[in-house]
Amino acid sequence: MNSSDLSYDFFEPGDLTALICIDDPKLQELVVEELSVLNYKLHIGLFAEDISLKLRTHTYNVVLIYENFGGNTLKSNPILSECIQIPSMERRKQFLLLVGPSMITNDNMQAFKFSVDMVCNETDLQNLMPILNRGLVKHEEAYQAFNECMRMIGASVR
C-alpha cells in the first residue's frame with residue numbers, strides 16, 4: 001500500500017480513522033504499518049492545505065502530527081495550530097499525537113504545553129501500537145464521565 005492509495009481511502013460509519021501528518025517517508029511508513037495492524041483506515045496529509053481540508057471535512061479518531069512537518073518548527077507548525085483550534089465539541093472526539101525528535105514519549109507536561117493528548121519521540125514509533133493504545137485508554141477514561149452526562153441529555157458523543 002503506498003501513500004497515494006491512503007490519501008483517498010473512503011471511510012464508512014464506525015471505521016477507526018487516522019490522519020497521518022508526517023512527511024518523513026521512513027517515519028510515515030512505520031506509522032502506516034502500525035496503524036494498519038490496529039485496523040485504522042488511513043489518510044495521509046500531503047501538504048498543509050490538504051490536511052486543513054481533511055480536518056474540516058472529517059473528524060478523525062487519531063491525528064498524528066510531525067513537529068517539523070513541511071520544515072516548520074513547533075511554533076510555526078500550521079497543522080498543530082489548526083488542530084488545537086478545532087472547536088471543543090469536535091476536538092474531544094479526536095486524539096492528537098505529536099511526534100518528533102524533541103518529544104519525550106508519554107511526557108504529560110509536554111503534551112499539555114502543546115495542547116495535544118500525547119507526545120511521542122520519533123525513535124519510539126516502532127512501538128506505536130502499545131503507546132497509542134495506552135493513550136487512547138487514558139483519553140477515554142478522562143472523558144468517560146463527561147460522555148456519560150452527554151448521553152443522558154441525548155447529545156451525540158460519537
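The values are calculated or read from the model by the stated rules, or taken from the named source; none is laboratory data. The structure displayed is predicted, hence computed values, not measured ones. Note that we place each Cβ from the backbone using ideal geometry, even for glycine, and neighbour counts take in every protein chain shown.
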In this structure, is Val62 modelled with pLDDT of 95 or more, among the β-branched types (Val, Ile, Thr) and either over 11 Å from the mean Cα position of the chain (by Cα) or on the phi < 0 side of the Ramachandran plot (or both)?
yes
Consider Gly45 against the criteria (1) within 12 Å of the chain's Cα centre (by Cα); (2) closer than 19 Å to Ala111 by Cβ; (3) not polar (S, T, N, Q): it satisfies all of them except one. Which criterion is unmet?
(2)
Answer yes or no as to whether Met129 is surrounded by fewer than 15 Cβ atoms within 10 Å (Cβ to Cβ) and touching a residue at least 60 places away in the same chain (Cβ under 8 Å).
yes
Do we have Glu12 as acidic (Asp, Glu) and either farther than 14 Å from Gln126 by Cβ or free of Cβ contacts under 8 Å to residues at least 12 places away in the same chain (or both) here?
yes
Does Arg56 count as surrounded by fewer than 13 Cβ atoms within 10 Å (Cβ to Cβ) and at pLDDT below 95?
yes
Which of the residues that make up region 92-116 are buried (at least 16 other Cβ atoms within 10 Å of the Cβ), modelled with pLDDT of 95 or more and among the charged types (D, E, K, R)?
none
Where residues in region 115-150 are in a helix (DSSP H, G or I) and of a type in the set (Ser, Thr, Tyr), which of them is nearest to Ser102 (Cα to Cα)?
Thr123
